[in-house]
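Just below is one structure, and these are the notes that go with it.
Values quoted throughout were computed directly from the atomic coordinates according to the rules given, and no laboratory measurement underlies them. For clarity, every value in this text was computed on a predicted model and none was experimentally measured. Note that we place each Cβ from the backbone using ideal geometry, even for glycine, and neighbour counts take in every protein chain shown.
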Amino acid sequence: MKQHEQENLKEKQIEEKSNNKKVNKKIIMYIAFFLIMIYAIYTIYLLIKQPTDIFTLEEGTLYSEETDIGFVIRDEVVIQGENYKNGMEKIKAEGEKVAVNEAVFRYYTKNEDSLKEKISQLDTKIQEAMQNQTQTENGLMKGDMISLETQIDQKLLEISNINDTTKLEEYKKEINELITKKANIAGDLSPQGSYLKELIEERKNYENELNSGAEYVNSNKSGVVSYKVDGLEEILKPTEECFSTLTKEYLENLNLKTGKIVPMSEESGKIIDNTYCYIATISHTEEAKNAEVGDKIRVRLPSGNEVSAEITYILQEDNERVIILKIEKGVEELVSYRKISFDLIWWSENGLKVPNQAIVKENDLAYVVRNRAGYLHKLLVKVKKEGEKYSIVEPYDAEELKGLGFSNEEIISYKKISLYDEVILYPDLTKVDD
């Protein structure tokens, strides 16, 4: 009995030791996990506070731009005739170039629909009469008739691939002219006073009446045709007198919607000088406040295309300025608009991109510290452009160094910064050898 009790006691002691070991292991694991967490948090803190102390130089671009609202000003002249209420037929298509005194469109006659219907009916009768027309014995004009038939078939084949309504009307007119010529030949082959001759003569009379009643409107200047007329052609004009009136209040009172397409007119058209146009915008940025007439900048149009621009006029208004820009490329993109959203790019610079934290100024000169295989060198750099967080830098050339007062020996030993160099952030120049 006593021996049995001793065995139970030993078993309990062994079990207690085992449990103690497990508890100790857990405590050690918790301590290790806790230390790892502290280290991870501290590492993250260091990364947030200062992500890295070395930066590798790469090619980059710095720029200063802003998104503004612009009002498009064009050199354009509205053309309109007297019979504008009758409706119009476009002779020149939207965007097509015209010369001075060239016909752009015409107004319909008052009874044009009726005359066209009568001519169409006569065309059907003429076609039927020609089909029934017997060929003369000697076959005179047969070659001309075949040639006209070929031309008509070719035009009918081409017209099936045309989507432009103006071009479509031109093809229809050409086909009608060919059919008329064919009918005239057939009429000449027929006996005097024949039925076909009478139909042809009647058609000519209706056609003369149709043409004599139409009013043709010609271009009064060379340029590009547009039928997008909004009534602001005489208000937003590219003249200094107009520019001086374009205050912020004036432009806002035009009540134009940004990006809205100017509607097509059915009463008038206009001729546009598409070699240039102007954009008036309002800005209160520091760049705008420091801008001057004659400055060259860049503009990003709604299409995304970037074009050169020149400031031609500035109107000061309290803390804002009305700035008028002239562009000579991408003008055709703006024909459909009067008010746009666009990007005004004041400046841009390409080159080696360096964080401002890596640049140290000393005696009005800029330096960076390069780390190459653990060796640190203080390098003199020329700051081409300084942005909010980065700068574009490049090395000086010999003439520039000479102008700064460097000796020939210093110029020869001058170490240049280059692509993929590693520079130190927040450098201490006192701890770096020249």
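Worth pointing out:
- Sorting 364, 123 from the fewest to the most surrounding beta carbons within 10 angstrom yields 364, 123.
- Cβ-based exposure ranking for 377, 284, in which fewest neighbours within 10 Å come first: 284, 377
- Taking Lys and Arg as +1 and Asp and Glu as -1, the other residues whose beta-carbon sits under 10 Å from that of residue 98 total +1.
- Based on the Stokes-Einstein relation at 25 °C and a viscosity of 0.890 mPa s, and on the Kirkwood radius from alpha carbon pairs, region 352-431 is assigned a translational diffusion coefficient of 188 µm²/s.
- Filtered trypsin sites (Lys or Arg not before Pro), region 212-276: DSSP coil and at most 11 other beta carbons within 10 Å: 257
- FRET efficiency, residue 93 to residue 235 (Cβ-Cβ, R0 30 Å, nearest 0.05): 0.70
- Backbone N under 17 Å from the residue 77 label point (7 Å along Cα→Cβ), restricted to region 276-298: 276
- The residue 170 and residue 286 beta-carbon pair, evaluated with R₀ = 60 Å, returns a calculated FRET efficiency of approximately 0.60.
- Per-pair calculated FRET efficiency, R0 = 41 Å: residue 418 and residue 261 via Cβ, rounded to 0.05: 0.20
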